[in-house]
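Student: Dropping a structure here in structure tokens format, bear with me for questions.
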Amino acid sequence: RLHDFCFKNETFIKPLHMKKCLFCIACLVIGLLMVTSMQAQSLKSLEENNGFKKYKLGSKFVLGLGIKHKDQDGADKIVISYTKDMIGDIPIQSIHVYYLRDTLAKIIVRISPEYYAKLIDLCKNSFGEPTKDFSSNEKVKFDSTVSVNNFKDNYIWKANRLRLEYFYLYPKISSGAYGAKMLYLTYILNDYGQRLVRVQKGSNSARNF
């Protein structure tokens, strides 16, 4: 019989098995390529936005934006405490912009913690899944850099020139002395650290003496 012949004859079985394996591998590779392509397109949108609303990373300081205050790390910081800007239907509490040598290098957008779930959904819908996850919560192992009283949800979308960070800090116990919560987004140039070092070196030169 043909059925018995096929399953007893190894020369017939092996080609079928190889074709099945090759088909599975091809499907896997195509799936990975599609995911990578979608992620790249989402990150391209982040790159094209180049910051938050009208605040564009790499742009120069303009008069009228606000009063500069020297941040503890050496950057010039301006706080915009009143804004009508929104992320979808999420209101913004304040916007903090950081300049290094009059170039906008970092933006922190503070949001009321009650919007934490809606905000992370909006981020994922706009820019895809995060490229890095530094969370320390009930779902992942404990991170000693976070207070023993708090959890954190910390995700990063990293593009070629800049990155977006979602940060939500919340207490393990919702009531009591450690019940404070914090939610913000950070838009920052990838070379912010190097730029900051150059600024710090310039401020600590022999010309100060």
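The values are calculated or read from the model by the stated rules, or taken from the named source; none is laboratory data. As the structure is a computational prediction, the values presented were derived from the model and not from experiment. Here the Cβ is made from the backbone with ideal geometry for all residues, glycine too, and neighbour counts use every protein chain on show. To get the accessible areas, we keep the full protein, side chains included, count just its heavy atoms, and leave off ligands, DNA and RNA. Shrake-Rupley method; radii C 1.70, N 1.55, O 1.52, S 1.80 Å.
Student: Rounded to the nearest percent, how much of the accessible area of segment 44-147 (1.4 Å probe, protein heavy atoms only) is carbon and sulfur?
Tutor: Working: 3110 of 6120 Å².
Result for segment 44-147: 51 percent of the exposed heavy-atom area is carbon or sulfur.
Student: Quick one: how many Å² of His69 are accessible to a 1.4 Å probe, rounded to 10?
Tutor: 110 Å²
Student: Now a separate question. Lys and Arg at +1, Asp and Glu at -1: add these up for the other residues within a Cβ distance under 13 Å of Pro113 and post the number. Write out the running numbers ahead of the final one.
Tutor: Values: positive: Arg110, Lys118, Lys152, Lys181; negative: Glu114, Asp153.
Local net charge: +2.
Student: Sorted by average packing, counted as other Cβ atoms within 10 angstrom per residue and highest first, what order do 192-198, 151-157, 81-87, 46-52 take?
Tutor: Working: 192-198: 13.9, 151-157: 19.4, 81-87: 11.6, 46-52: 16.6.
Packing proxy ranking, top to bottom: 151-157, 46-52, 192-198, 81-87.
Student: If each residue of separation counts as 0.36 nm, what is the full-extension length gain between Lys118 and Lys172 once their alpha-carbon separation is subtracted?
Tutor: Values: separation 54, 0.36 × 54 = 19.44 nm, distance 2.02 nm.
Between Lys118 and Lys172, full extension yields 17.4 nm more.
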